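Report on one structure; see the data block that follows.
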Amino acid sequence: MKKALLLVLTILISCQENKQTTQADENSKTYLEESHSYAQPNDAVITDLDLDINVDFEAQVISGTATYDIENSGSNQIILDSKFLEIESVTQNGEQTEFDLGDFDESLGQPLTIAIKEDTKQIAVTYSTTAKTEALQWLTAQQTADKTNPFLFTQGQAILTRTWIPIQDSPQIRITYDATVKVPSQLMAVMSAENPKEKNGNGVYHFKMKQLFQHT
């Protein structure tokens, strides 16, 4: 393992084996009822993610903004999955909007319900992770092989992506994404996307996934 490759972020839309809840009807473009996600994609669904985050190794916190392009079928709300996240603010089409975190479920987390309009094309959620976040595996320098730098990787399976990104965490929902990730200057970030080839001096890395990202 190269010393520079000390941050591995993988966006994994949740994976379930039940075919009745993981296969969208491609002909009618409708989604089947989902038992492991609060999302209601037949009403409003995310299509693209622009993720802008800062990774704080000392605090062991990821914070930033997840901006989504959405398709709205005339609904006045869109529901994302969230678990152990601090939601700071939400906008729709660039304007502040109301949001609500529903009752907590030990397995599913909480529904993040966001008020939108019929013409809403984009929503943005500013948030931070917490110590309870299940998808983040933080290692201190002493826990790594060379004991030089800390290490972080994410594990979104089966339904843990919602614990580090507010998202419609269903394998039926596939998206494209861009990401800007800020890490300490001595580290390098990699993702499941087009990756930089070498470490830069400012710790800011940009990623792009042009193909629809399918659950794994």
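Please treat every number below as a calculation from the coordinates, not as lab data. Remember, predicted model here, so these are calculated numbers, not experimental data. Quick reminder, even Gly has a Cβ in these numbers, built from the backbone with ideal geometry, and neighbours come from all protein chains shown.
Here is how the numbers come out for the structure above:
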{"quantity": "Pairwise FRET efficiency - Thr47 versus Lys132, Cβ, R0 = 30 Å, nearest 0.05", "calculated": "0.55"}
{"quantity": "Peptides ranked, highest mean first, by Cβ atoms within 10 Å: ranges 66-72, 80-86", "calculated": "80-86, 66-72"}
{"quantity": "Contour excess over end-to-end distance, with Cα ends at Gln186 and Gln142 and 0.36 nm allotted per residue", "calculated": "14.2 nm"}
{"quantity": "For the stretch 43-173, with +1 on Lys and Arg beta carbons and -1 on Asp and Glu, the positive-most of Phe57, Leu85, Ser73 along the dipole", "calculated": "Phe57"}
{"quantity": "By average C-beta atoms within 10 angstrom, highest first, the peptides 145-158, 182-195", "calculated": "182-195, 145-158"}
{"quantity": "Computed over the stretch 113-185, the ratio Rg/Rh where both radii use C-alpha atoms and Rh is Kirkwood", "calculated": "1.06"}
{"quantity": "Distance between modelled label sites at Thr176 and Ser73, nm, 7 Å Cα→Cβ extension", "calculated": "2.3"}
{"quantity": "Theoretical FRET efficiency, 1/(1+(r/R0)^6), r = Cβ-Cβ of Ser35 and Asn200, R0 30 Å, to 0.05", "calculated": "0.10"}
{"quantity": "Radius 11 Å from Cβ of Asp169, net charge of other residues (Lys, Arg +1; Asp, Glu -1)", "calculated": "0"}
{"quantity": "Distance between modelled label sites at Glu88 and Gln211, nm, 7 Å Cα→Cβ extension", "calculated": "3.5"}
{"quantity": "Packing rank of 34-42, 51-59, 93-101, where each peptide gets the mean count of other beta carbons within 10 Å, highest leading", "calculated": "34-42, 51-59, 93-101"}
{"quantity": "Whole-Å semi-axes of the ellipsoid equivalent to the stretch 43-107 (Cα gyration tensor, √5λ, descending)", "calculated": "23, 16, 11"}
